[in-house]
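Below is one structure, written out as structure tokens; comments come after it.
The values are calculated or read from the model by the stated rules, or taken from the named source; none is laboratory data. From a predicted model like this one, the values you see are computed outputs, not experimental measurements. We place every Cβ from the backbone using ideal geometry, glycine too, and count neighbours over all the protein chains shown. Calculation scope for accessible area: heavy atoms of the full protein, side chains included, ligands and nucleic acids excluded. Shrake-Rupley method; radii C 1.70, N 1.55, O 1.52, S 1.80 Å.
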Amino acid sequence: MKKLVMLAVLLLVTTVSASQEMLKLMPASNKLVMLFDIAKSLQIPLIAEGLDAANQDPQVQQFIKATGFSIKDCEKLAMSMDIDVATGQPNENSAIMLVELSKSIDLDKVIAAGIKTNKGVNFQKQDFKGQSLYLLKNEQKSNVGMDELAMVLLKDKLLAVGAPAAVKSQMQVASTANLTSNANLMKLLKDNKGVFALAIDTSDQPDPQPGQQPNPMSSVKGIALSGDMNKGELFVNLNAECFKAEQAAGLMFMYNMMVAPQLQKPQSPIKANEMSIAVDQSMVKVQLHLSKARLEEIRLQVEAMKQLQNAGGASVQPATGQNPLK
């Protein structure tokens, strides 16, 4: 079961786009949104292989047999939370995830099977606004993730998971009145065609203190990250919108002075010809392209590093001047 959870986390962090219809259901006050297309991501061989490997775990097989539910039954996913723009710290109480399912599920069975293989987790089933709300609490405190979660089927084939306060708030707001009013996020994610997308609204910037060194990020109004895989090649786009065009030009200058020279060095993990940057008025656009052969090089290097660690060679470091990804 733990492998199933870890694979789900991997999907969240590394792979997955959903339609803007999912974004429209997220709380308008949240400043960070991640959109995922799980079904599309499972067409990527690396992800499919990871899922197949996780499904070999006896506990995962037992869970699927008991519930008839697996990650393959998840179509799209959207995550959202509020953050403090000044500190970058997230507000865990605002975290919520919506999962669009391909079929109806018995949430009682899913939770019961999950609890069975996670002895340290307790749950309560409550009636809230006429719906069944599940509260899960991890009695064994961990340093990763939240110790309390709420789950509810907002409607058939739409599951909400997150901080109890955020889920309850979502249940109380009619979907027709819950369209996000965060125009900055909507603009950043417009026309997203990638496999995954992430956007952060940083327009609420605090005024710098007198004599304080300006932070380069203080000129950024919003950031959007998206990526896609096509014929085995990886394409990643990063767009940073500044408040003013001259600020975008300033970021471009900093890139040419500080980043570009580093890409020319042999030990750089990214080659200079694999990344490009351009400025379009107030928008800074960064593109990264890794070929199929290059991704295979990286995969082999990662496997080699894992083997060294498993053999007790974690302290072995590449020689100075050598690129560990070459």
Please enumerate the residues belonging to the range 246-269 that are under 27 Å from the mean Cα position of the chain (by Cα) and modelled with pLDDT under 85.
-> SER268, PRO269
Those residues of the range 98-152 that are hydroxyl-bearing (Ser, Thr, Tyr), surrounded by fewer than 13 Cβ atoms within 10 Å (Cβ to Cβ) and modelled with pLDDT under 85 come to a total of 1
Looking at the range 155-175, is at least one residue open to solvent by 80 Å² or more (accessible area, probe 1.4 Å), touching a helix residue (DSSP H, G or I) at 6+ places or on another chain (Cβ under 9 Å) and either modelled with pLDDT of 85 or more or at negative phi (or both)?
-> yes
Have a look at LEU300, LEU288 and point out the one that is modelled with pLDDT under 90 and under 24 Å from GLU233 (Cα atoms).
-> LEU300
Would the range 68-80 turn up any residue that is surrounded by fewer than 17 Cβ atoms within 10 Å (Cβ to Cβ), hydroxyl-bearing (Ser, Thr, Tyr), in contact with a helix residue (DSSP H, G or I) (Cβ under 6 Å, 6 or more places away or on another chain) and at pLDDT 80 or above?
-> yes
Would you be able to tell me the number of residues in the range 264-300 that are surrounded by 14 or more Cβ atoms within 10 Å (Cβ to Cβ), among the aliphatic types (A, V, I, L, M) and in a strand (DSSP E or B)?
-> 8
Pull up the range 26-66, narrow it to residues that are open to solvent by less than 30 Å² (accessible area, probe 1.4 Å) and of a type in the set (S, T, N, Q), then point me to the one that is farthest from VAL110 (Cα to Cα).
-> ASN30
